[in-house]
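Chemist: So that we are looking at the same thing, I have put the structure below in structure tokens.
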Amino acid sequence: MRHKTLREARDDSGLTADQVADKAGVHRTTLYRIESGDQLPSRDVARALFDLYQGTVPWVAIYDPEIAASIRSFA
């Protein structure tokens, strides 16, 4: 089973980056950094993203970019 990345989940949701950032309580540029793995989200932001995408992105892929990269490499 292939897991989605945060960016894929956002694209599939039909929500804009501004809408997702607002729902997660961060600025759009922060969302972009989280999606690219350049910044780790706080626990609250990670939980908000997990809930927003209804678990389609694994919790560990949101909270740990190294594991997220390994998940993508097996896709």
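Laboratory data are not the source of any read-out in this text; all were calculated from the coordinates shown. This is a predicted model, so every value here is computed, not measured. Neighbour counts run over all protein chains shown; Cβ positions are idealised from the backbone, glycine included.
Chemist: For Ala17, what charge total do you get from the other residues with a beta carbon under 9 Å from its beta carbon, if Lys and Arg give +1 and Asp and Glu give -1?
Modeler: 0
Chemist: Related question: With a 10 Å radius around each residue's Cβ, average the other Cβ atoms per peptide and rank 12-19, 40-47, highest first. Please report the intermediate quantities before stating the final value.
Modeler: On the way: 12-19: 12.4, 40-47: 15.8.
Highest-to-lowest ranking by the protection proxy: 40-47, 12-19.
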